[in-house]
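The values are calculated or read from the model by the stated rules, or taken from the named source; none is laboratory data. Quick caveat, the model's predicted, so the values are computed rather than measured. Ideal geometry is used to build each Cβ from the backbone, glycine not excepted, and the neighbour counts take in all protein chains shown. Heavy atoms of the whole protein, side chains included, go into the accessibility calculation; ligands, DNA and RNA do not. Shrake-Rupley method; radii C 1.70, N 1.55, O 1.52, S 1.80 Å.
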Amino acid sequence: MRDIAFVAFLFAFIGIGFRKPFLFVLCFCYIDIVAPQRLSYFLINSIPISLIVFGLAIAGWLAIDDKRDTGWSGRQTLLVVLLAYCWMTTISADFPVEAADKWDWVWKALVWAIFLPLTLRTKLRIESLALIMLLSAASIAIAGGLKTAAGGGGYGSLQLLLNENFGLYEGSIMSTVGIAIIPLILWYRRHGTIFPPDWRVSLFCFALCFACMLLPVGTQARTGLVCLAVLAVLSLRAVKHRLLYMAGAGLLAIAAVPFLPQSFTERMETIQGYKSDQSASTRVAVWAWTWDYAKDNPFGGGFNAYIQNRLRVETAGTDYDPDRAQPGGPMVHEDAGRAYHSSYFEMLGEQGYPGLALWLLLHIVGIAQMERLRRRYLNTRRGEEQWIAPLATALQHGHIIYMVGSLFVGIAFQPFIYMMLALEIGLSTYCRRREQEAGWRPLMARPAEVPARHLTNGAR
């Protein structure tokens, strides 16, 4: 019955979507993040819902949507080059079948990131995309936060809506994304218009931030704790009384320690010495193997090239095992086919030095562009533009947090970050178009200089 109702809704949605094709765009973003079709037992799960909506979004934009204000960014060109390069490494991959499996979803993430900014012509569309991204991630974060608050959780055991270990449903990935979206949540609380700011919106946003901060506790992901520390440091840019903020944050952290599960504190303590933890030691061994592999294969081995790694991992220990250690010496573990557990080494091993350089350039330029917009619009006196600098700051902080989390998780091609990149590109092209049309500089303009067409319904 649930499947039949969903199919009926899908047909109705298609009818409405061809009148408002941007609805297809938002729908695909939600499906790509949450994968709601996996909640079905049979019918919906057997239909390629994601691919269908993906095609409808592009076809609807090509056939119906207004393209007069469409802009193109240099970062979209970088994405095209990265897409072409990944295709070349896929056809010459060390493991063609396994590489094709990953390429099957990577190309869609990259094509979507190239296409999405073309649709972000207005402030309403930019805000709508940000809201859909937040609510989609929130559906997972709220479930994880509630289970953590109820006493559930544990490394590898906290279920986030689905009992599967892929995409945002993997603990370390969701912890990284959950912390990365906190600046965007706080931006929406003050500058959102779809749900105008009031006490209900503020209550929901603060509760969602709290749920996101609980994720590292529930998942016991060390990456999440590192991202939370980075968020605390970045937040210093926005507070007026920094000493008071640091003192309050420190006291809050100390007060929270007694309420944390013992298993969480024990796992976080392993950050200090990776040799005492087999998981951390294995990651370091994989990184060393990848570095050596790239020396012999500078153009990478294609997707999933890690399958061929063979590792010898030493961990600190005093137990005697005649097959694995000397008395009082380190424990020795043999391992093979271990994933990279780092986006940077993922890119190095799979796409080589050129791919890593393209990937780093794409993200560095994005962060720098948000800093330029932040400074450019920080002191603007136009009320209808005061949302731009805070949004640029929120996107920049979220992007930095994600890149720090990427040091320890293989999420180089996670679709969520490419949607965030597309949002950044859309914001940049929107601001550039306004400046070119009106011929003004934000920091030097006077309110009387705003053209009348920019004051209508926030459409431009």
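Here are the numbers:
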| quantity | calculated |
| --- | --- |
| Subset of region 162-174 (residues that are part of a helix (DSSP H, G or I) and either at pLDDT below 70 or within 26 Å of Leu203 (Cα to Cα) (or both)) | Leu168, Tyr169, Gly171, Ile173, Met174 |
| Some residue of region 274-292 being of a type in the set (Asp, Glu), over 23 Å from Met133 (Cα atoms), modelled with pLDDT of 80 or more and open to solvent by 20 Å² or more (accessible area, probe 1.4 Å) | yes |
| Single unsatisfied condition, Gln414 versus (1) open to solvent by less than 10 Å² (accessible area, probe 1.4 Å); (2) within 21 Å of Trp105 (Cα to Cα) | (1) |
| Selection count where residues are open to solvent by 40 Å² or more (accessible area, probe 1.4 Å) and at pLDDT 90 or above, scope region 297-344 | 7 |
| Members of region 210-224 found to be open to solvent by less than 20 Å² (accessible area, probe 1.4 Å) and in a helix (DSSP H, G or I), listed by number | Ala211, Cys212, Leu215, Pro216, Gly218, Thr219, Thr223, Gly224 |
| Tabulated pairs, region 114-128, first within 11 Å of Tyr430 (Cβ to Cβ), second assigned to a helix (DSSP H, G or I) and among the acidic types (Asp, Glu), C-beta under 9 angstrom, 6+ apart or interchain | Pro117/Glu424; Lys123/Glu384 |
| Criterion (touching a helix residue (DSSP H, G or I) at 6+ places or on another chain (Cβ under 6 Å) and at pLDDT 90 or above) met by exactly one of Ala93, Ala84, Ala57 | Ala93 |
| Among the residues listed as Ala392, Ala459, Ala438, Ala452, the single one being crowded, with 24+ Cβ neighbours inside 10 Å and either at pLDDT 95 or above or more than 16 Å from the chain's Cα centre (by Cα) (or both) | Ala392 |
| Pair list, Cβ under 7 Å, 6 or more apart: region 74-90 residue more than 15 Å from Leu116 (Cβ to Cβ), other residue assigned to a helix (DSSP H, G or I) and β-branched (Val, Ile, Thr) | Cys86/Val106 |
